[in-house]
Amino acid sequence: MDDNTGLQKITLRAPSGSTAEVYCHGAHVTSWKTTSGEEMLFLSNKAVFKPPKAIRGGIPVCFPQFGGFGPLAQHGFARNSEFTVVDGGSSSVTLSLQTNEDHLKLFPHPFELLVTVSIGDEELEQTLEAKNTGDKPFELTAALHTYIAVSSIDKAHVVGLKGVEYMDSLQDKKRLKEGGDSITFTDELDRIYLQTPDVLEVVDEGKNRAIQVEKEGFPDAVVWNPWIQKAAGMADFGDDQYKEMVCLEPAVAGSGPVTLEPGKTWKAKQTLSLRHF
Ligand SMILES: O=P(O)(O)OC[C@H]1O[C@@H](O)[C@H](O)[C@@H](O)[C@@H]1O
């Protein structure tokens, strides 16, 4: 159905009452509410719903490139492209992106990307399946750029990364090792954690809740908060909204790329789930 942005949006509803909203533009999840009606994802109050601009917040799909790991514009073009619904029901939808002439000018490798979003009681599952439909291998990097809503950035931390090596994107991708039990936010932070454990968590002490991010097929995880200056420099992001979000992004980035042979499919997935404490 069309919402007031004029864009096509699918609303998923699980029998338990949890919901999610997914736009065909970018196969972009913009909302996930659990059974109590609590919103789990951050969406910028200045988000622009005007293709080809990517929506700020929710879960942008970064494909076939994460960040600047390749010749394309930052984060690739899937988040700027129109997907088509190919399957689904009340609590699940599958959207497809097939490369068109414009994509092929930028990236001369035909592919089909399927994005499936499903919701359960306190869970959201999102799968990427990319098939090389051409006759030559190609390389890809990717991420599910998940913006988690937090009550206040000084009450949020990320756990599960102690001892993990990371590339610091604020220091020319210098390699460092995570020393702390948890990552807290007191300044801009932009890191690519390499070969991480598959279960990570954003803990929100202000709401006594944690969102678990469980990943499969994504070796890396990006942690990002833009903080004051970068937030002020983003036209589609409220100046103070850096306080309301933490990005925890399952990715193939510094450990990539993945080489996809003709006819083969690469698959990766994240499962977000809510834990109260
Ligand atoms: O502004 P964009 O292209 O959506 O990117 C937002 C951020 O995305 C993160 O994944 C990157 O690590 C950051 O470096 C980047 O600033």
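The values are calculated or read from the model by the stated rules, or taken from the named source; none is laboratory data. From a predicted model like this one, the values you see are computed outputs, not experimental measurements. Don't worry about glycine lacking a Cβ; one is built from the backbone with ideal geometry, like all the others, and counts go over all protein chains shown.
For region 154-193, the candidate set comprises residues that are polar (S, T, N, Q) and under 22 Å from Gly68 (Cα atoms); within that set, the residue that is nearest to the ligand (Cβ to nearest atom) is Ser169. Is region 104-115 home to any residue that is within 28 Å of Glu244 (Cα to Cα) and surrounded by 15 or more Cβ atoms within 10 Å (Cβ to Cβ)? There is at least one residue in region 104-115 that is within 28 Å of Glu244 (Cα to Cα) and surrounded by 15 or more Cβ atoms within 10 Å (Cβ to Cβ).
Of all the numbered requirements in (1) at pLDDT 95 or above; (2) away from the ligand (no atom under 16 Å from the Cβ); (3) in contact with a Leu (Cβ under 7 Å, 6 or more places away or on another chain); (4) not aliphatic (A, V, I, L, M), Tyr147 misses one, and that requirement is (2). Tell me, please, whether a residue that is more than 16 Å from the ligand (Cβ to nearest atom), part of a strand (DSSP E or B) and touching a helix residue (DSSP H, G or I) at 6+ places or on another chain (Cβ under 9 Å) can be found in region 85-103. There is at least one residue in region 85-103 that is more than 16 Å from the ligand (Cβ to nearest atom), part of a strand (DSSP E or B) and touching a helix residue (DSSP H, G or I) at 6+ places or on another chain (Cβ under 9 Å).
Filtering region 229-255 to residues that are outside any helix (DSSP H, G or I) and buried (at least 20 other Cβ atoms within 10 Å of the Cβ) leaves Phe237, Met245, Val246, Cys247, Leu248, Glu249, Pro250, Ala251, Val252, Ala253, Gly254. Elements of the type strands (runs of 3 or more DSSP E) sitting completely within region 150-191 and holding at least 2 residues that are among the β-branched types (Val, Ile, Thr) and at pLDDT 95 or above: these cover 156-159. Whenever a residue of region 109-124 is assigned to a strand (DSSP E or B), its partners that are among the basic types (Lys, Arg), lying with C-beta atoms within less than 7 angstrom and at least six residues away or across chains, give the pairs Phe111/Lys131; Glu112/Lys131.
Take region 199-227 and flag every residue that is of a type outside the set (Lys, Arg) and over 15 Å from the mean Cα position of the chain (by Cα).
The first filter runs over region 199-227 and keeps only residues of a type outside the set (Lys, Arg), leaving 199-206, 208, 210-214, 216-227.
Listed by number, the residues that qualify are Val199, Val203, Asp204, Glu205, Gly206, Asn208, Ala210, Pro226, Trp227.
Residues in region 30-60 that are crowded, with 20+ Cβ neighbours inside 10 Å, out of contact with any Phe, Trp or Tyr (no Cβ under 9 Å at 6 or more places or on another chain) and not hydroxyl-bearing (Ser, Thr, Tyr): Trp32, Ala54.
Considering region 26-74, the residues that are polar (S, T, N, Q) and under 30 Å from Lys105 (Cα atoms) include one that is nearest to the ligand (Cβ to nearest atom), namely Gln74.
Take Ala210 and tell me if it is assigned to a strand (DSSP E or B) and either crowded, with 19+ Cβ neighbours inside 10 Å or on the phi < 0 side of the Ramachandran plot (or both). The answer is yes for Ala210. Of note, Gln65 does not satisfy the criterion of being surrounded by fewer than 18 Cβ atoms within 10 Å (Cβ to Cβ), closer than 21 Å to Leu128 by Cβ and either at pLDDT below 95 or within 16 Å of the chain's Cα centre (by Cα) (or both). Do we find that Val203 is within 16 Å of the ligand (Cβ to nearest atom), surrounded by 13 or more Cβ atoms within 10 Å (Cβ to Cβ) and not in a helix (DSSP H, G or I) in this structure? The answer is no for Val203.
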